[in-house]
Amino acid sequence: MAYLNEKWETMPQEQLMELQLEKFKKQLAHVYKNPFFRDRYKQNGLEPGDVKTREDIKKVPFSVKKDLRENYPVGLLSGNWEDVVRIHMTSGTTGVPTALAYTKNDLEVWAECMARNFVAGGLTKNDIVQQAHGYGLFTGGFGFHYGLEKVGAKVIPTSSGGTDRQLRLMQEWGTTVFTGTPSYAAYIGEILIEKGIDPVKDLKLRLGFHGGEPCSDGLRKRINERLGYKAHGGGLRVCYGLTEMGGPMSMDCEYECGQHIWADHYLVELIDPVTHEYVKPGQPGELVISNLSFDGMPILRYRTGDRVLIDTETCECGRTHPRLTGFLGRVDDMLLVSGTNVFPSQVEYVLLKHPELSENWQLIVTDKKGLHALTVEVEPVPDAKIDEGFVSRLEKELHDYLEIRCAVEIKPIGSLPRFEGKASRVVDKRL
Ligand SMILES: [Zn+2]
């Protein structure tokens, strides 16, 4: 098993926990310099010295996305403005940006985390990588790029889009690794079929590192087949991250059994979103993350809104850091339809269990005189055999899984939108 930094990646868990506490205390004192956080902490009667044990961490008030929005652009800076060298941001669905300012130290920590991820996923110096996460304000492109370079791989910074050129470069350079959103990888796979390019014979892709949106097991399986990752002895590694914590931060290792979160840089807690108490081990909860290593805008106890499962057992790869094993959906993506919570990832989960259906689908939400209705439009795969009862069986399956009625319409191949970056699967006509 290869490691970027074996000592840190396989550190005994007790040692990691001690280190986390020490770093958390230091970071709390640092964050206390920020007027917004200081006021909030003072209102809660919290002084930096009040955290002495791990249990005391619970005394620190949570941070939420609203804090970042309301303090845009740099109201949450705890470090020195003079030391800031990079700024990333997301516009988000509401249009109010969420920004993060990085110091040199922060970029180095970020690159280290990403490089660990890539090595854990099987990347080597000899790999030729087409990096197709978008370069720009979004954290994905640069986050991936610097991690890949740190490993010493040969990076071709294609950014997203330009699919014909992506395919040409894959053939000319013998690209072995592709990165980008899962939706874009799926789209590339579709174009390969269209152009008669055989991913196993004509391409050398063996690894895919894909982030920026959830990737269901069904989609993972399809991309693995379509792009030839498995056939070339590799696989698809899912990436998880969020701008508020710096960007992409955790990834599957070669065992694909959950995304490792580097505990020497990030402290994770799982809470019940209503009572704010810790959930029992093995139970799903809302992921709360503290950034233990950034200087610029570290956020402590950030409520991600993501419902996940965490496995703290040492992984087969030997890494002792916790893993996200079940990603049940991002709250930002959640739809409230007639009082029921619906995650688009749940819809994809059901659809992709059917080999007759392609990964091109969208969810339409309408309002008919106050009654909300869901319709899934989906394209079949070429030559799919769809019998008479298929649609009603699928509707029943969706109803059972989503606990809400959902109509299904099979659309002609090529009629639904394709995505080069993050997919936008929901058309909410209620807005
Ligand atoms: Zn592992």
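The values are calculated or read from the model by the stated rules, or taken from the named source; none is laboratory data. Just so it is clear, the structure is predicted and the values come from calculations on it, not from any experiment. No Cβ is skipped: glycine too gets one built from the backbone with ideal geometry, and neighbour counts run over all protein chains shown.
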(request) Answer yes or no as to whether residue 370 is surrounded by fewer than 14 Cβ atoms within 10 Å (Cβ to Cβ), modelled with pLDDT of 95 or more and either within 27 Å of the chain's Cα centre (by Cα) or not β-branched (Val, Ile, Thr) (or both). (result) no
(request) Restrict the check to segment 398-406 and report whether at least one residue is surrounded by fewer than 18 Cβ atoms within 10 Å (Cβ to Cβ), outside any loop (DSSP other than H, G, I, E, B) and in contact (Cβ under 8 Å) with a residue 40 or more places away in the chain. (result) yes
(message) Give all pairs with beta carbons closer than 7 Å in which a residue from segment 85-114 that is among the aromatic types (Phe, Trp, Tyr) meets a residue that is surrounded by 14 or more Cβ atoms within 10 Å (Cβ to Cβ) and part of a strand (DSSP E or B); count only pairs at least 6 apart in sequence or on separate chains.
(response) 102/84; 102/86; 110/247
(message) Checking residue 275 against (1) touching a strand residue (DSSP E or B) at 6+ places or on another chain (Cβ under 7 Å); (2) away from the ligand (no atom under 16 Å from the Cβ); (3) under 16 Å from residue 301 (Cβ atoms): exactly one of these is not met. Which one?
(response) (1)
(request) Could you grab me the full set of residues in segment 206-227 that are more than 20 Å from the chain's Cα centre (by Cα) and either of a type in the set (Val, Ile, Thr) or surrounded by fewer than 24 Cβ atoms within 10 Å (Cβ to Cβ) (or both)? (result) 206, 225, 226
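Of the residues 189, 174, which single one is small (Gly, Ala, Ser) and either out of contact with any Lys or Arg (no Cβ under 8 Å at 6 or more places or on another chain) or on the phi > 0 side of the Ramachandran plot (or both)? I'd like the intermediate steps shown before the answer.
Working: 189 fails: either out of contact with any Lys or Arg (no Cβ under 8 Å at 6 or more places or on another chain) or on the phi > 0 side of the Ramachandran plot (or both).
Going through 189, 174 in turn, the sole match is 174.
What do you reckon, is residue 286 buried (at least 18 other Cβ atoms within 10 Å of the Cβ), of a type outside the set (Val, Ile, Thr), farther than 25 Å from residue 223 by Cα and at pLDDT below 95?
Spelling it out, residue 286 is indeed buried (at least 18 other Cβ atoms within 10 Å of the Cβ), of a type outside the set (Val, Ile, Thr), farther than 25 Å from residue 223 by Cα and at pLDDT below 95.
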(request) With the checklist (1) under 30 Å from residue 381 (Cβ atoms); (2) at pLDDT below 95; (3) out of contact with any Leu (no Cβ under 9 Å at 6 or more places or on another chain); (4) not hydrophobic (A, V, I, L, M, F, W, C) in hand, flag the one item residue 255 doesn't pass. (result) (2)
(message) Suppose we keep only residues that are at pLDDT 95 or above and of a type in the set (Lys, Arg) within segment 64-123. Which one would you say is nearest to residue 295 (Cα to Cα)?
(response) 104
(request) Determine whether segment 348-356 contains at least one residue that is in contact (Cβ under 8 Å) with a residue 40 or more places away in the chain, in a loop (DSSP other than H, G, I, E, B), surrounded by 16 or more Cβ atoms within 10 Å (Cβ to Cβ) and away from the ligand (no atom under 16 Å from the Cβ). (result) yes
(request) Give segment 407-429 a look and list any residue that's charged (D, E, K, R), out of contact with any Gly (no Cβ under 8 Å at 6 or more places or on another chain) and surrounded by 14 or more Cβ atoms within 10 Å (Cβ to Cβ), or say none. (result) 411, 418, 425
(request) Give the residues of segment 113-158 that are buried (at least 21 other Cβ atoms within 10 Å of the Cβ), of a type in the set (S, T, N, Q) and more than 16 Å from the ligand (Cβ to nearest atom), sorted by residue number. (result) 130, 131, 139, 158
(message) So, residue 302, is that one crowded, with 21+ Cβ neighbours inside 10 Å and of a type in the set (Ser, Thr, Tyr) or not?
(response) yes
(request) Inspect all residues belonging to segment 307-314 and state whether any of them is touching a Cys at 6+ places or on another chain (Cβ under 8 Å) and among the polar types (S, T, N, Q). (result) no
(request) Go through 4, 21, 16, 76 for me and flag whichever is out of contact with any Gly (no Cβ under 8 Å at 6 or more places or on another chain), assigned to a loop (DSSP other than H, G, I, E, B) and farther than 21 Å from residue 100 by Cβ. (result) 4
(message) What's the total number of residues in segment 228-272 that are within 16 Å of the ligand (Cβ to nearest atom), charged (D, E, K, R) and either in a strand (DSSP E or B) or crowded, with 24+ Cβ neighbours inside 10 Å (or both)?
(response) 2
(request) Go through segment 290-323 and give me each residue that's more than 16 Å from the ligand (Cβ to nearest atom), over 27 Å from residue 274 (Cβ atoms) and either hydroxyl-bearing (Ser, Thr, Tyr) or without any contact (Cβ under 8 Å) to a residue 40 or more places away in the chain (or both). (result) 293
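Any residue at all in segment 163-179 that is within 29 Å of residue 257 (Cβ to Cβ), more than 21 Å from the chain's Cα centre (by Cα), surrounded by fewer than 24 Cβ atoms within 10 Å (Cβ to Cβ) and modelled with pLDDT of 95 or more? Give the steps one after another, and end with the answer.
To start, the set of residues in segment 163-179 that are within 29 Å of residue 257 (Cβ to Cβ) comprises 170, 175-179.
Applying the additional criterion that residues be more than 21 Å from the chain's Cα centre (by Cα) yields 170, 175-176.
Within this subset, residues satisfying the condition of being surrounded by fewer than 24 Cβ atoms within 10 Å (Cβ to Cβ) are 175-176.
Applying the additional criterion that residues be modelled with pLDDT of 95 or more yields 175-176.
Yes, that holds for at least one residue.
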